[in-house]
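The values are calculated or read from the model by the stated rules, or taken from the named source; none is laboratory data. This structure is a prediction, so every number in the text was calculated from the model and none was measured. Don't worry about glycine lacking a Cβ; one is built from the backbone with ideal geometry, like all the others, and counts go over all protein chains shown.
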Amino acid sequence: MNKSIGVIGGLAAVGVVKHIMNGSKNNQEFPDCSGATGDYAFDIFEGPFPKTWFSLALDNLIHPKVKGETKQLVQEMYNMVRSSLYATIGAGLNFKESVLLANDPNSLEKVKQYFLRKRNITEQEAERKTMTVARHMALLMSEDQTKQAFTELWYWVKNGSNIAVIGPNMQAVFENTSLANIRMDDIKMPFETIYIALPGFEGYTYDVNSGYHCIRGIVISVVDHSIWSGDFIYRISIWSKPKYKEGQGYDDLFLYTGVPDIKSENLEEFIASTFRSPDFSNRYSQPESCINDVVRAVKIAFNLLMYWSTVNTSMNLVHPDLKKKLDKIRQIEEKNSKLRRKSTKRRKNDNKIAEIKRSMPKENFFWIEKGDNEFSSGTGGGKPLGRLRSSPRVHIRSGHWRVYNKGTAEENVIWIEPMLIGSGGVAPRFWKSRLSKG
């Protein structure tokens, strides 16, 4: 077996890289999941523009302390995955054609033509590169772990590399919004694949070799699985950020599950039953506390998708910092439209645009968060109705979704946000992060 296949296997259900396998089997240490730690190699997965192994940057896949042969294996894996992704997607293949590339003359010809278009090379060199990609695809599909991870990555790159980042306040709001009235066919995916980042989320998954990992994101994809199961289904994957420990290496955790046709099933119950099922917990050896954390994270992700459908346009969710740069580019382009094509000023403006674009992330980032000042905390007005009574014990009234005129042109989704009830005699307030009562 190719030496790098073990490293590529780490790209999936048991981590990005399994560098060293002789660590403790029962590491019970809980890492700090509250946010930045001061270690840049791990803090790149936090903040408003978090990195992920999906970003396909080598710095995201390897800790600075990892060196020597292991680093070389990671580089081999990185090159293999990257070249296979861009060649098959660039050639216009669908996923089934990509997987079966070595046995499909028509697909091989498409990849060959891709190389001929992209580079000034001979036909013989293009054929050699095509067969290299075909061998890489066969290798990536040879083990379940690499097959599952590459599937996720292929669809994410193919469908636009979209990352939705949910801030802590909105994580809390979505966690306390019920999906009991929602079915899968109520979900309107903004993209066929989306990575939902949860920086600072306080929840864990568990690996028998490296212990507890902080959950940092959920990937939801619409995937054609006809090549394996004959079903057109969703995939839900849970990604937890890496850890580094002497004697154990640099390792993340990646759990995944397929979703069958569940259009008529209560989504709240489906999430709970799927991730609390013996099949899922036994497959990944997850303790009950981690299963509960996974359910919380997946619930947040699906509530985001429902929330997205209530927003007029995805541009309303573009991160403010990114929107400023896009607006700046638009303003410069408007000025350019009034200048001669070869003028010195226009050339300087073009350089400014190029500089701004270089500072922007390659992925499409969307930002979903509200500041504390955007949550209601008024005392209410007017005379109370009925008899006066003491404020009830402080508790959270869960939010929920209402779908009106379902299946018609007038269909409308209304979000009833969760509220904090009985807050010291003042009117009910919207839920805030970490149950803020003051």
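Here is a list: Thr151, Thr130, Thr146. Which entry is within 28 Å of Leu255 (Cβ to Cβ), in contact with a helix residue (DSSP H, G or I) (Cβ under 6 Å, 6 or more places away or on another chain) and of a type in the set (Ser, Thr, Tyr)?
Among Thr151, Thr130, Thr146, only Thr146 is within 28 Å of Leu255 (Cβ to Cβ), in contact with a helix residue (DSSP H, G or I) (Cβ under 6 Å, 6 or more places away or on another chain) and of a type in the set (Ser, Thr, Tyr).
For the stretch 185-202, a residue qualifies if it is within 16 Å of the chain's Cα centre (by Cα) and either over 21 Å from Gly47 (Cβ atoms) or surrounded by 22 or more Cβ atoms within 10 Å (Cβ to Cβ) (or both), and the qualifying residues are Met189, Pro190, Phe191, Glu192, Thr193, Ile194, Tyr195, Ile196, Ala197, Leu198, Pro199, Phe201.
Among the candidates Arg276, Arg340, Arg283, Arg346, single out the residue that is modelled with pLDDT under 90, farther than 23 Å from Ala197 by Cβ, charged (D, E, K, R) and outside the structural domain of Val259 (by TED's automatic domain parsing).
Values: Arg276 fails: outside the structural domain of Val259 (by TED's automatic domain parsing); Arg283 fails: outside the structural domain of Val259 (by TED's automatic domain parsing); Arg346 fails: modelled with pLDDT under 90.
Going through Arg276, Arg340, Arg283, Arg346 in turn, just one is modelled with pLDDT under 90, farther than 23 Å from Ala197 by Cβ, charged (D, E, K, R) and outside the structural domain of Val259 (by TED's automatic domain parsing): Arg340.
Scanning the stretch 31-70 for residues that are basic (Lys, Arg) and buried (at least 18 other Cβ atoms within 10 Å of the Cβ) gives a single hit, Lys51. Of the residues that sit in the stretch 205-219 and are crowded, with 22+ Cβ neighbours inside 10 Å and modelled with pLDDT under 90, which one is nearest to Arg283 (Cα to Cα)? Step by step, filter the stretch 205-219, then rank; the result is Asp207.
Consider the stretch 74-90 and keep the residues that are surrounded by 20 or more Cβ atoms within 10 Å (Cβ to Cβ) and not small (Gly, Ala, Ser). The one that is farthest from Val133 (Cα to Cα) is Val74.
Once the stretch 281-297 is narrowed to residues that are part of a helix (DSSP H, G or I) and touching a strand residue (DSSP E or B) at 6+ places or on another chain (Cβ under 6 Å), the residue that is nearest to Ile163 (Cα to Cα) is Ala297. Taking the stretch 1-96 as the region of interest, the helices (runs of 4 or more DSSP H) fully inside it that hold 2 or more residues being among the hydroxyl-bearing types (Ser, Thr, Tyr) and at pLDDT 80 or above are 68-90. Inspection of the stretch 161-184 finds a residue satisfying the criterion of being surrounded by fewer than 16 Cβ atoms within 10 Å (Cβ to Cβ) and within 30 Å of Lys406 (Cα to Cα).
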